[in-house]
Amino acid sequence: MEKSKANKRAQELREVIAEYRYRYHVLDDPTITDEVYDSLTRELRKIEEEYPDLITADSPTQRVGGKALSKFKSIEHQKPMLSLNDIFDIEELEAWEKRMHKLTGKKELEYYAELKMDGLAMALQYEDGVFKRAITRGDGKTGEDVTHTVKTIQTVPLRLKKSRKAPKEVYNFFEIRGEVIIPKKEFERINKDREKQGLPLFANPRNAGAGTIRQLDPSVAAKRKLQFIGYAIEMDLPGLTNHSDEHELARELGFKVEPNDTHKKSLKEIEEFIKYWAEAREKLPYQTDGLVITINNNAEFETLGVAGKAPRGAVAYKYPAETATTVLEDIRVSIGRTGAVTPYAVLKPVNVAGSTVRRATLHNEDEIKRKDLRIGDTVIIQKAGDIIPEVIEPIKKLRSGKEKIWKMPKEINGVAVVRAEGEAVARLADLSTGEIRWQQLIHFVSKSAFDIDGLGEKILAQLMEEGLIESAVDIFKLQKDDLVGLERFAETSAQNLIDSIKEHSKVTLGRFIYALGIRHVGAKTANDIAQNYHRLDSFMNAKSEDLNKIEGIGEVVAESLADWLGESANHKLVKDLTSAGVEVLNEEPKANGKFTGTTWVFTGTLNEFSREEAGAKVRALGGEVTNSVSKNTSYVVAGEEPGSKYAKAKSLGVNIISELDFKNKIK
C-alpha cells in the first residue's frame, strides 16, 4: 500500500477503533464483537509496522508496549488534590449544612451527590487534546507520574472527543480528576489467578488497583481491567457554573462518569439518596465507601474555601462500619519514632467491608483493660469509616477459661518500658534503640521533611545494618564508594542516591523543624513556629516562656518544645547536621514589597536557585507562591524542561519569564 493511502487508512482505523472502544468501555454498549475489534486493531498495527513514522501518540496500538520504568518521577499538582472531611450520620450532615448556610449567608443551597469510589485518586492531563500524563494524589501537593500504566486503561481516552458543547480551551490544555478502580468481578478473577500461581492474594480491590498502577512494567496493568471514573474538573472554564456541569463536560469529552450522580435541591432529598444506597450499593459492580456531597454552585464552593486540608463545601458521608467476629490470637506491640509502645491485635483473618483484616488497633494498655480483652477471646471488630479496623468488645459468653490476660511488657530487647504519670501511652526509656532510630530516620527523609528521593524504609534499614548510618547526620556524610557493591547499589544507583541527598540538603526552617521529629509537632505546627522565629539560631535559642505565645501553639506542644530545646544532645544534633552540609533557609516573614499582590508559580529545573530558595525570594518581596496556574497567576518562571504548568500558562495568557528574567526582577 502506498504511504499516502496507508496514512488515510490508518487515520480512518484510529477513529473507528476509538469510537468502538468508547461504546464498549465507557457506555457499556458494544456495537461490534471482540473479534471484529481485534481484526481492525491488527490491520492498524500492520500499517504502523510498515510505516513507523505514521504512529501517533493517540493510536490505540500505543496503549501497551512501552518500556518498564526504572523508578517513578514526582510531579507537582497544578492545584492541590485535597481530601474530604468525613461524616458518619445525618446529624453531622445537618450540622455541616448549618455551617454552609452561615458561611454563605443563604438559607437555600443546592447540592450534588455522587457515590464515592473506593479506588486510587488520579489526575489526568491532556495537551492539544491528546493524553499527556497521569499523576497520583500523593501527599496532595506532589504525586507520582504513572502515565505508563494509566495509559493502558481503556476508559481513559487517548484523545479527547470533539464536542461543540465543550469550551475550545480544553483542546489546548485539560485536566480531569477521578478514581482508578478495579470492578468486583475483575478483582475476583485476579485473585483466582494469583491463587493458582501460589501468590499472596490482594486484600481488596483498592489495594489491587493501587498495586497495579504502581507497577514499573505497564504490561501488568494492561492485563487487568482497570477503569478510570472522572469526578471533577479543576479548571477555570466557561460554562462550568455548577459541579454538575463538570460531570456533563467529562461525558462530552469521552470519559466514564459515575452513572448514579445526581442534583439535589434539599437535605431531605440527600437523606433519601443516602438511605437508598445504604442497601443498593451492595449490588454495584464496584466497591463504594460512601457518598460525596458537594455544594453544586462552583462560585459558592470556591468562596467557602479550605479548612486544613479539606474544602469546606464538600463532605464524604461514610456508611456505618461493617462488623464481624473473629478470634484475638495474640496481642503484640509496635514501636514508634517517639518511643511509643502501642499494642495491636493479631486476629484470625476475617473479611470486613470487602477487606481481609488481620490486624487491628488496641490504642493503649488502659483501653485493653477497659474492654477486658484477653488473648484467645472471640471478639467483635469493625472498620471505622470503612478504613481502620478496631476491636470493639469480646464475646464473654464464648470464653472457655483458657483465655490469657495481657500485660504490657516491662522491657523490650533489654530496654525498660515506662509510663509517665497522667499519660495513657507507654514508651521506651531509651530512645537510642535501633528500631526507634530507624523510625526517626524514616520520618526525617519523608515528603514533608527533607523529602530525599530513593532513601526509603528498606534502604535505610540496609544502611543501618551495614553500619553506614546511625543518625540523620550520617546521611549527609555518605559517599558513593560507601554504597557501590551493596545489594541494590551499582555505580549509577549509588551516584543517584548521593546526588539526591545533596540536592535535598537545603530545606526551609519549617521543614527542618518538622524533620527533627519533636513530639506533638506536625508539619503545620512546624511552619507556624518557623514563621515566628524565621531563623534557625532564633528557634534554637527560644525561651520556654515565649513558646506559649506563638499563635496555634498550645500548652502541650509548648512544653514538648521546651523539653526538646532543653536537651544538649539535640543542640549537638543540629550543629552536626549543619556541619555535615545541611543548609537551613531562613523562613522569610510575610512582608510588603514590590511583589505585593502578585502570585508566582515555578516550573522546570532552575539552575541558580532551588524551588525553596526562589519561593523565599518572592515571599520576602511580598509575593505569594503557589503550585497551580490559574488566570489569577501573575508570573510563571520557566526553568529547563518545564512541565504542564508551562502549557497551561500559555493557554491562559499568563506572563511566562525565564530564570534570568526572574533574577533581574528580584534585584
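The values are calculated or read from the model by the stated rules, or taken from the named source; none is laboratory data. Since the structure is predicted, the reported quantities are computational estimates derived from the model, not experimental observations. So basically every Cβ, Gly included, is an ideal-geometry build from the backbone, and we count neighbours across all protein chains shown.
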**Request:** Return a yes/no flag: does region 387-396 have any residue that is out of contact with any strand residue (DSSP E or B) (no Cβ under 7 Å at 6 or more places or on another chain) and not β-branched (Val, Ile, Thr).
**Result:** yes
**Message:** Within region 626-649, take every residue that is surrounded by fewer than 16 Cβ atoms within 10 Å (Cβ to Cβ) and in contact with a strand residue (DSSP E or B) (Cβ under 7 Å, 6 or more places away or on another chain) and give me the one that is modelled with the highest pLDDT.
**Reply:** SER634
**Request:** Answer yes or no as to whether PHE595 is in contact (Cβ under 8 Å) with a residue 24 or more places away in the chain, part of a loop (DSSP other than H, G, I, E, B) and surrounded by 19 or more Cβ atoms within 10 Å (Cβ to Cβ).
**Result:** yes
**Prompt:** Any residue at all in region 347-370 that is touching a His at 6+ places or on another chain (Cβ under 8 Å) and over 30 Å from ALA95 (Cα atoms)?
**Reply:** no
**Request:** Kindly indicate whether ASP145 is modelled with pLDDT under 95, touching an Asp or Glu at 6+ places or on another chain (Cβ under 7 Å), in the same structural domain as ALA250 (by TED's automatic domain parsing) and acidic (Asp, Glu).
**Result:** no
**Asked** closer than 30 Å to VAL521 by Cα, in contact (Cβ under 8 Å) with a residue 24 or more places away in the chain and not in a strand (DSSP E or B): does that describe THR342?
**Response** no
**Item:** Unmet criterion (only one of (1) closer than 18 Å to THR578 by Cβ; (2) surrounded by fewer than 18 Cβ atoms within 10 Å (Cβ to Cβ); (3) among the aliphatic types (A, V, I, L, M)) for ALA515
**Value:** (2)
**Message:** Yes or no: region 121-139 includes at least one residue that is within 18 Å of LYS318 (Cβ to Cβ), among the aliphatic types (A, V, I, L, M) and either assigned by TED's automatic domain parsing to the domain that holds THR288 or buried (at least 18 other Cβ atoms within 10 Å of the Cβ) (or both).
**Reply:** yes
**Residue among PRO349, PRO343, PRO389 that is surrounded by 15 or more Cβ atoms within 10 Å (Cβ to Cβ) and more than 27 Å from LEU460 (Cβ to Cβ)** = PRO389
**Message:** For region 236-279, which positions are over 25 Å from the mean Cα position of the chain (by Cα), closer than 21 Å to GLU179 by Cα and of a type in the set (D, E, K, R)?
**Reply:** ASP245, GLU248, ARG251, GLU252
**Complete:** Filtering region 469-502 down to residues that are part of a loop (DSSP other than H, G, I, E, B) and in contact (Cβ under 8 Å) with a residue 24 or more places away in the chain yields ILE469, GLU470, SER471, PHE476, LYS477, LEU486, GLU487, ARG488
**Request:** Examine region 577-596 for a residue that is in contact with a Phe, Trp or Tyr (Cβ under 7 Å, 6 or more places away or on another chain) and on the phi > 0 side of the Ramachandran plot, and state whether such a residue exists.
**Result:** yes
**Asked** Does region 162-170 include one or more residues that are among the hydroxyl-bearing types (Ser, Thr, Tyr) and touching a strand residue (DSSP E or B) at 6+ places or on another chain (Cβ under 8 Å)?
**Response** no
**Prompt:** Is one or more of the residues making up region 419-435 among the basic types (Lys, Arg) and without any contact (Cβ under 8 Å) to a residue 60 or more places away in the chain?
**Reply:** yes
**Fill in**
Here the residues within region 452-461 that are surrounded by 17 or more Cβ atoms within 10 Å (Cβ to Cβ) and of a type outside the set (A, V, I, L, M) are ASP453
